[in-house]
Amino acid sequence: MSPTARRLALTLIAGSLVGAIFVIGKLLLGRGLSPLIVSLIQTGGASAVLLSVLAARGQRLSLTAADRRFYLVAGLIAVAGSALLGNWVLARIPAGIYTVVVTLSPMFTSLFNALAERRWPSATALAGTALGLAGVLLVLVPRARSVEAEQALALGVAVGVPVLLAIGNVYRSRHWPSGLSAPMSTAGTMLVQTLAVLPLLAVSGQSASAAELGAAWPLLLAMVLVTLAANVAAAALQRIADSVAYSQIGYVIALTGVVWGAVLFGERLGWSFVPAVALVFAGIVLANRRAAPAAVAVPSALVAAR
């Protein structure tokens, strides 16, 4: 498989899985579980599974100074964007509307990357970003019009989510430690996220009864497994794509959210879905053309949820 085809495949896989995380998270919050409880089980479960797999293979978590710094910074950015801001917003607005805001992350990534490197991205990268944005807006703008007045504040605060996603994209691409594998990166950053959520949970007083957790265990298990797969796929993509190309998963996330909305909630896809998919796919291909392997050029996750 060529490098471009590999980046394209990982973009589609990672974006689809992260989109599924948003939908599962919305379902769990709809059952009355608190955002921090969901985040703790999500990150703690995924990191525990991955660390167990690594241990079974005779591997220990790499703890060099560079690795520890990478885990800490990437993990805290993910906690701020997902466990705190993302879940707070997702509990107040529809998942489909939330994905409208998430699609801004590639635009912010392009901007922050240009500031960091003091040069604009290539013409193909900019064109790909613009095409992808046009595709998702074609589907999501009509849905965004349904936002109620009391949801306006949450929608405004939600802009912070793509900003934090973009910051994380640029940081990981520029500071990925040399030789750090995707599973190892995922295990370390998600462990940091889990440890960061614990004091927040203690301060907030949020809790869940055994009955509530037991009733939601199929969704919680799905959240853990999908989060694990999504973060490993995203980390693998981050190693071989620059931050702008990596950020295209935001567009795949958006369309995945629309599809799941149709499957689970009976929402109509509409005539615009097919051309939207075509635009997003064309944009991803353009953004990944001649994309430099960031982890090699500049030894440097998601997002848990994400």
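The values are calculated or read from the model by the stated rules, or taken from the named source; none is laboratory data. The structure presented is a predicted model; accordingly, all values stated were derived computationally and were not measured. Don't worry about glycine lacking a Cβ; one is built from the backbone with ideal geometry, like all the others, and counts go over all protein chains shown.
So the values come out like this:
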{"quantity": "Top-ranked residue in the stretch 1-33 [being polar (S, T, N, Q) and under 20 Å from the mean Cα position of the chain (by Cα); ranked as farthest from residue 200 (Cα to Cα)]", "calculated": "11"}
{"quantity": "One residue from 276, 262 being modelled with pLDDT of 65 or more, among the small types (Gly, Ala, Ser) and within 15 Å of residue 130 (Cα to Cα)", "calculated": "276"}
{"quantity": "Residues that are among the small types (Gly, Ala, Ser) and in a helix (DSSP H, G or I), drawn from the stretch 244-262", "calculated": "245, 250, 254, 257, 261, 262"}
{"quantity": "Residues being modelled with pLDDT of 75 or more and either surrounded by fewer than 20 Cβ atoms within 10 Å (Cβ to Cβ) or polar (S, T, N, Q) (or both) - total across the stretch 225-246", "calculated": "5"}
{"quantity": "Where a residue in the stretch 223-249 is over 21 Å from residue 161 (Cα atoms) and its partner, wherever it lies, is at pLDDT below 80 and assigned to a loop (DSSP other than H, G, I, E, B), with Cβ under 6 Å and at least six apart", "calculated": "240/293; 241/291"}
{"quantity": "Among (1) farther than 21 Å from residue 264 by Cβ; (2) charged (D, E, K, R); (3) under 17 Å from the mean Cα position of the chain (by Cα) - the single one residue 69 does not satisfy", "calculated": "(3)"}
{"quantity": "Residue within the stretch 82-92 that is within 16 Å of the chain's Cα centre (by Cα), farther than 30 Å from residue 281 by Cα and not polar (S, T, N, Q) present", "calculated": "yes"}
